[in-house]
Amino acid sequence: MMEKKIMDETFTVPIGPQHPALKEPSHFRITVDGEIVTNAVVRLGYAHRGIEKAVEGRNWIQNLYMLERICGICSHIHATAYCLGVEQLAGVEVPPRAQAIRVLTAELERIHSHFLWVGVAAHEAGFDTLFMYIWRDRETVMDLLETLSGNRVNYSVNILGGVKFDINEEQADAIRKGLDYLEERTNHYLDVVSNDAMFLQRTSGIGVMTRNQAEVLGTVGPTARASNVARDVRVEAPYGAYFDYPANIVLEERGDLTARFVVRIKELFESYRLIRLILDTLPSGDLETRMPRRIKEGETVCRVEAPRGELFYFIKSNGTDMPERIKIRTPTICNMTSVVKLVIGHQLADVPMILVGIDPCFSCNDRMVILDRSDGYKQQWTWEALRQHGIDYYHEQHS
Amino acid sequence: MGSTTIMNNIPNLVALLIFPAGLFLLLCGLFYEWADRKLLAQLQNRIGPRWFQPLADIIKLLAKEEVIPDGVNPTLFIGLPIIALAGGLTAALYVPIVGLLPSYGLPGDLIITIYLLSLLTLCLGLAGSNTLDRFSLVGATRTLTQLFSYEAPFMLALLGPAFVARSWQISVITTFTNNRWLILSQPLGFLVAVIALMGKLELPPFDAPEAETEIVAGALTEYSGRGLALFRLGKGVALVIGLTLIASFYLGGVTNPFLFFVKTLTLLLVVVALQALLTRLRIDQTVGLWWRYGTLLVLAQWLVTIVWHGVAT
Amino acid sequence: MKIGIMISDISNSLFRRPITELYPFERRETPESLRGMLHWNSENCTGCGLCAKDCPANAIDLIVLDKKAKRFVLSYHPDRCTFCAQCVHSCRQGCLEMSNEEWELASLDKDQFHVLYGVKEDVENILAGSPLPDVDRIE
Ligand code: SF4
Ligand code: SF4
């Protein structure tokens, strides 16, 4: 903050990389005129972890756990996307019971993710009571996931070719009971976010994204659905058990922050319905099909619906027990452009709300992009070259 | 002669440094801060801090290094927290803390008290604009904007009881309001006074000036160590004084320590419940709220009171 | 449009105990399926080393003392373990299992985080650092 005070209208407020509104590092440069935002620039990449490179040095099984750790909140869906892709490459059919358990866990994960988001967003809006209560109730679903898998986060449900555990009647009852409680609470929260006058002051009519904008900006997931864009991989291109347990799409028309709250909360009811249905009609059979340790040569893409939107995997195998290349695109990166567009014209105080409205997950989206440039720009760096570049860069900065 | 002056002044010194202002009030402020946090936690189904937490915070802050950032006026930077706290402590001398008679009294001391309380907010705003930090600057602007919006309604709301007591001296008003529950005859005034107090103390939903998710800690972002500790003590003191004023004016007086604690803590519970129920307002919404509703409500209250008195006499 | 819809929640909470559990004093029963500390039963182990190969965290080393006589020692690092249960799944002989009771694994002592499973004298030999013939490590 040692920069000169600029008192004309181009007063920029930096948000991040370290800022209380952001629980993860990223940088927004907000230009304000008084309290009104006139421009916004985003800079990502502070949490790049080199996961895509790391998976190239581990075997197919180990990568399952590496990729699960891309995101702590939607860990299961990453592993599922990867499994679906690898199973497709290997030509292995996963038994229906295992598929159903995968979907069940994915829906439980969606519940926990959406609860988490409503809490965080309420906190950004300055409504800490809602935050505290919703996180209290989120413990219910965390406990259910623990009873089911043995872990509260990173449940490691999947293995290549199936799932690790079965569901017994006792667990099924625990889940049903938990869902009854959650459903009652969810009704209450839906009432709060759509009717509380003070809360609506901070969400209604803020960050409005029209349907056209949502399509042009390429948004995905609940962010798009809140603008009435019918985009949901579970419905458009069902995978796994979603063929047998079709999901209904939840849409809202207004496209403002309230709609984003409402869409996510209404999606919870859809998840409750799917989970109950799966528990009642769980197909019997095996939990696993044996997978070869080496995967046939080939490449594939795989799309799944993560809680935040479409998750995309590209997997390429060269016939060994390690992948040749895995490329991942997480939903946040698709939604990020909408933030810098939508904040313009709003109050500074609304910026954190609009940002949080897309349910951003920064460490998921920080991944390297290599540009193909005609001027001989190197696409691949050796370790030595990278090190030399670092040294040169440092000298340049300090000479 | 020197010794007699000192002897004569001992009660004054005690009043200034130990009781009711000074040390006692500081501890009282910390206790109310704890009660505020604990009650809020209870309402949110959490545990909340233990009783010594605010004290521990203050001791920690006092023990820490105070960083004076580049580009500030160091005299102001160090002086402002002291003035803020001193303003609060001085105000306490005119207020019936723990139900005792005010230590000092003079005609018109109500106005003095209200202005001494505003000194805190003013210092906060100045402290923010003294630094180069953007968050502080935005915070300071918001603090001062907020000051101008609730100040007039707050004053008018406290002058309502003064009007019916026909005096601007706190001790006279409290004698008048003793066992007269003005909340019944001036409910709007009471409401506005409580909400304005929340605005003054920047409690939620009026915490836009220090909204951590937008501007970190607002005007106090650059403060650490002693300065921050003094500002926090000042806020605690202002909380106690504000609650005392409202309780003694509107809630039938606080003539003994028992009544004082019962009434101020009940009032605090109301304040906490409002904090828990309401969502933070944007600064423009705060201003709009005060000028559109707050001021009008008190003016309506005034009108009713004046007409009523005209009819009665 | 209503103000303060959450009043029902806060008035309920006013007279209720906070939901927070004071952990070391209050503890819940762990679910049957909880994944805690890994345990190894050497009886059926064939020394295939799959558990060590598939562990994503390199938490397992299989030390092969004598493959024919089935003398193995399993070295396990609970601090590296991510409790994913892949090893349990990979072992076709059912040698590995995870306890649902031993889960408070924090320690100030590093030695706690290196566990050797196996026949007592082999383990003692390894700990003593005495040279072992033809030791083969599968990591
Ligand atoms: S549980 Fe997972 S991390 Fe732990 S030892 Fe087994 S395979 Fe390795
Ligand atoms: S996988 Fe099982 S059998 Fe194979 S080495 Fe490990 S414990 Fe022994």
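Please specify each residue of region C:43-81 satisfying the condition of being polar (S, T, N, Q), within 11 Å of ligand 2 (Cβ to nearest atom) and out of contact with any Cys (no Cβ under 7 Å at 6 or more places or on another chain).
Kept after step one, since they are polar (S, T, N, Q), are these residues of region C:43-81: C:44, C:46, C:58, C:75.
Filter again for within 11 Å of ligand 2 (Cβ to nearest atom), leaving C:44, C:46.
Within region C:43-81, just C:Thr46 meets the criteria.
Tell me, please, whether a residue that is among the acidic types (Asp, Glu), closer than 18 Å to A:Cys364 by Cα, part of a helix (DSSP H, G or I) and more than 14 Å from chain B (Cβ to nearest Cβ) can be found in region A:73-88. Spell out the reasoning first.
Residues of region A:73-88 among the acidic types (Asp, Glu): A:87.
Remaining after also requiring closer than 18 Å to A:Cys364 by Cα: none.
No, because not a single residue in region A:73-88 is among the acidic types (Asp, Glu), closer than 18 Å to A:Cys364 by Cα, part of a helix (DSSP H, G or I) and more than 14 Å from chain B (Cβ to nearest Cβ).
Quick one: in region A:24-67, which of the residues that are in a loop (DSSP other than H, G, I, E, B), more than 16 Å from ligand 1 (Cβ to nearest atom) and open to solvent by less than 30 Å² (accessible area, probe 1.4 Å) is farthest from A:His78 (Cα to Cα)?
In the first step, residues of region A:24-67 are kept if they are in a loop (DSSP other than H, G, I, E, B); the result is A:24-26, A:34-35, A:44-50, A:58-59.
This time we only want the ones that are more than 16 Å from ligand 1 (Cβ to nearest atom), so: A:24-26, A:34-35, A:44-50.
Cutting the leftovers down to open to solvent by less than 30 Å² (accessible area, probe 1.4 Å) gives us A:26, A:47, A:50.
Numbers: A:Ser26: 22, A:Ala47: 18, A:Gly50: 16 Å.
Taking the candidates together, the pick is A:Ser26.
Would you mind finding the one in B:Leu220, B:Leu184 that is modelled with pLDDT under 80 and not small (Gly, Ala, Ser)?
B:Leu184
Could you check region C:1-31 and list, in sequence order, the residues that are open to solvent by less than 50 Å² (accessible area, probe 1.4 Å), part of a loop (DSSP other than H, G, I, E, B) and at the interface with chain A (Cβ under 9 Å from one of its Cβ atoms)?
Across region C:1-31, the qualifying residues are C:Gly4, C:Ile5, C:Met6, C:Thr30, C:Pro31.
Tell me, yes or no, whether region C:38-56 has at least one residue that is in contact with a strand residue (DSSP E or B) (Cβ under 6 Å, 6 or more places away or on another chain), at the interface with chain A (Cβ under 8 Å from one of its Cβ atoms) and not β-branched (Val, Ile, Thr).
For region C:38-56, residues in contact with a strand residue (DSSP E or B) (Cβ under 6 Å, 6 or more places away or on another chain), at the interface with chain A (Cβ under 8 Å from one of its Cβ atoms) and not β-branched (Val, Ile, Thr): absent.
Using the structure shown, decide if C:Cys84 is within 12 Å of another protein chain (Cβ to nearest Cβ), surrounded by 22 or more Cβ atoms within 10 Å (Cβ to Cβ) and either in a strand (DSSP E or B) or away from ligand 2 (no atom under 13 Å from the Cβ) (or both).
Numbers: within 12 Å of another protein chain (Cβ to nearest Cβ): yes; surrounded by 22 or more Cβ atoms within 10 Å (Cβ to Cβ): yes; either in a strand (DSSP E or B) or away from ligand 2 (no atom under 13 Å from the Cβ) (or both): yes.
Against the criterion (within 12 Å of another protein chain (Cβ to nearest Cβ), surrounded by 22 or more Cβ atoms within 10 Å (Cβ to Cβ) and either in a strand (DSSP E or B) or away from ligand 2 (no atom under 13 Å from the Cβ) (or both)), C:Cys84 qualifies.
Looking only at region B:259-290, count every residue that is closer than 18 Å to B:Glu202 by Cβ, touching a helix residue (DSSP H, G or I) at 6+ places or on another chain (Cβ under 8 Å) and either aromatic (Phe, Trp, Tyr) or facing chain A (nearest Cβ under 8 Å) (or both) and tell me the total.
Within region B:259-290, residues that are closer than 18 Å to B:Glu202 by Cβ, touching a helix residue (DSSP H, G or I) at 6+ places or on another chain (Cβ under 8 Å) and either aromatic (Phe, Trp, Tyr) or facing chain A (nearest Cβ under 8 Å) (or both) number 10.
I'm trying to understand the selection: among the residues of region A:169-186, which are facing chain C (nearest Cβ under 10 Å) and surrounded by 12 or more Cβ atoms within 10 Å (Cβ to Cβ)? Quick ask: steps written out before the conclusion?
Filtering region A:169-186 for residues facing chain C (nearest Cβ under 10 Å) gives A:170-171, A:174, A:185.
If the condition is that a residue be facing chain C (nearest Cβ under 10 Å) and surrounded by 12 or more Cβ atoms within 10 Å (Cβ to Cβ), then A:Gln171, A:Ala174, A:Arg185 are the ones that fit.
In region A:125-150, what count of residues is obtained for those that are away from chain B (no Cβ under 14 Å) and open to solvent by 10 Å² or more (accessible area, probe 1.4 Å)? If you could, list the steps in order and put the result at the bottom.
Kept after step one, since they are away from chain B (no Cβ under 14 Å), are these residues of region A:125-150: A:141-150.
Of the ones still in play, those that are also open to solvent by 10 Å² or more (accessible area, probe 1.4 Å) are A:143-144, A:146-147.
Qualifying residue count for the region: 4.
Can C:Leu34 be described as within 16 Å of ligand 1 (Cβ to nearest atom) and away from chain A (no Cβ under 12 Å)? Spell out the reasoning first.
Working: within 16 Å of ligand 1 (Cβ to nearest atom): yes; away from chain A (no Cβ under 12 Å): no.
So C:Leu34 does not fit the description; no.
Considering B:Ile59, B:Ile6, B:Ile10, B:Ile78, which residue is open to solvent by 50 Å² or more (accessible area, probe 1.4 Å), assigned to a helix (DSSP H, G or I) and at pLDDT 90 or above?
Details: B:Ile6 fails: at pLDDT 90 or above; B:Ile10 fails: at pLDDT 90 or above; B:Ile78 fails: at pLDDT 90 or above.
Of B:Ile59, B:Ile6, B:Ile10, B:Ile78, the one residue that is open to solvent by 50 Å² or more (accessible area, probe 1.4 Å), assigned to a helix (DSSP H, G or I) and at pLDDT 90 or above is B:Ile59.
For A:Val193, which of the numbered conditions (1) in a helix (DSSP H, G or I); (2) away from chain B (no Cβ under 13 Å) fails to hold?
Only one criterion is unmet by A:Val193, namely (2).
Can you give me the ranges of the helices (runs of 4 or more DSSP H) entirely in region B:122-230 with at least 3 residues that are open to solvent by less than 30 Å² (accessible area, probe 1.4 Å) and within 14 Å of chain A (Cβ to nearest Cβ)? Steps first, answer last, please.
Details: elements: B:134-165, B:170-177, B:182-185, B:187-200, B:212-215.
Answer list for region B:122-230: B:134-165, B:212-215.
Of the conditions (1) buried (at least 19 other Cβ atoms within 10 Å of the Cβ); (2) under 21 Å from the mean Cα position of the chain (by Cα); (3) away from chain B (no Cβ under 14 Å), A:Val153 clears all except one; give me its number.
(1)
Output the residue which, of all residues in region C:32-49 that are without any contact (Cβ under 8 Å) to a residue 60 or more places away in the chain and open to solvent by 30 Å² or more (accessible area, probe 1.4 Å), is nearest to A:Gly57 (Cα to Cα).
C:Cys48
Name every residue in region C:87-101 that is within 11 Å of ligand 2 (Cβ to nearest atom) and assigned to a strand (DSSP E or B), in order of residue number.
Within region C:87-101, C:Leu96, C:Glu97 meet the criteria.
Considering only region C:16-30, I want to know if a residue exists there that is touching a Leu at 6+ places or on another chain (Cβ under 9 Å) and either charged (D, E, K, R) or within 15 Å of ligand 2 (Cβ to nearest atom) (or both).
Pass one, region C:16-30, residues touching a Leu at 6+ places or on another chain (Cβ under 9 Å): none.
Scanning region C:16-30 turns up no residue that is touching a Leu at 6+ places or on another chain (Cβ under 9 Å) and either charged (D, E, K, R) or within 15 Å of ligand 2 (Cβ to nearest atom) (or both).
Can you pull out every residue in region C:89-128 that is away from ligand 1 (no atom under 12 Å from the Cβ), among the aliphatic types (A, V, I, L, M) and surrounded by 15 or more Cβ atoms within 10 Å (Cβ to Cβ)?
The answer is C:Leu116, C:Val123, C:Ile126.
The values are calculated or read from the model by the stated rules, or taken from the named source; none is laboratory data. Bear in mind the structure is a predicted one, so any value in this text is a computation, not a measurement. Neighbour counts run over all protein chains shown; Cβ positions are idealised from the backbone, glycine included. Remember, those area values only see protein heavy atoms, side chains included, never the ligands or the DNA or RNA. Shrake-Rupley method; radii C 1.70, N 1.55, O 1.52, S 1.80 Å.
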